[in-house]
Amino acid sequence: MGITNGWIYIDEIEVDNTVNTIHCDTRDFHCTLRDDMIDLKDAKHPEITRVLHNPDYLIDESEIKDFIKNTETITGGKGSWRCMNFNGIKTSNGWFKYIRMYRIKSGSTKFVVCEGGNLPVKWRDMTSNNLIGGDVLNFMEND
């Protein structure tokens, strides 16, 4: 089962059909997997509902772990802290502190990918070629 009780390192996650919400802290790539669905009715999250049919913002559940692991790798690998940004990807907090993913509807394998403030992002643009400020990554090594 994929649901977690607290935060676990990316290597330990399992995204299955019980997982509806994923939060990944990009400082250390620990994640929490939850079964609650984001409420997309009544325009509660218009920024997300606008992209629900745009494949640029959607990821299949089978691709999630590889995507997050690759993002960790291109930002310096396993470490205890990092700060990252990507060209052309707007963030609400000035940097990419969290990756948030929400299953778009019950029974679907698709999730919308967002940054920490729930702005949808084109996750395929989160590449090493698009990374800003490689010199600020991995300020602290793991003990």
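Assorted remarks:
- Listed values for segment 13-20 are Karplus-derived 3J(HN,Hα) couplings in whole Hz (6.51 cos²θ - 1.76 cosθ + 1.60, θ = phi - 60°), namely 7, 9, 8, 10, 6, 8, 8, 10, and x replaces Gly and Pro.
- Fully extending the segment from K44 to W7 would add 10.7 nm, taking 0.36 nm per residue of separation and subtracting the current Cα-Cα distance.
- Ranking of C83, C24 by count of other Cβ atoms within 10 Å, fewest first: C83, C24
- With the simple spin-label model, which puts each label point 7 Å out from Cα in the Cβ direction, the R34 to K122 separation comes to 2.9 nm.
- Residues of segment 1-42 with amide N under 11 Å of the 7 Å Cα→Cβ point at K78: 9-12
- A simple charge model with +1 on the Cβ of Lys and Arg, -1 on the Cβ of Asp and Glu and nothing else charged puts the dipole of segment 1-92 at about 440 debye relative to its Cα centre.
- Order of D42, D16 - criterion: other Cβ atoms within 10 Å of each residue's Cβ, fewest first: D42, D16
- Centre separation in Å (Cα based) which lies between segment 1-16 and segment 23-56: 17
- Degrees, to the nearest 10: 64-74 long Cα axis against longest axis of the chain: 20
- Among the trypsin sites (Lys or Arg not before Pro) in segment 45-112, those located in a DSSP loop and surrounded by at most 15 other Cβ atoms within 10 Å of their own Cβ are R50, K78, K90, K105.
- Cβ-based exposure ranking for T91, T75, in which fewest neighbours within 10 Å come first: T91, T75
- Gain on full stretching of the segment that runs from D25 to K69 - 0.36 nm per residue minus C-alpha separation: 14.6 nm
- Dipole moment magnitude, nearest 20 debye, segment 17-143 about Cα centre, only Lys, Arg, Asp, Glu C-beta charged: 300
Computed from the coordinates by the stated procedures, all read-outs in this text should not be read as laboratory data. All values reported here derive from a predicted model rather than from experimental measurement. When we count neighbours, we look across all protein chains shown, and the Cβ atoms used for this are built from the backbone with ideal geometry, even at glycine.
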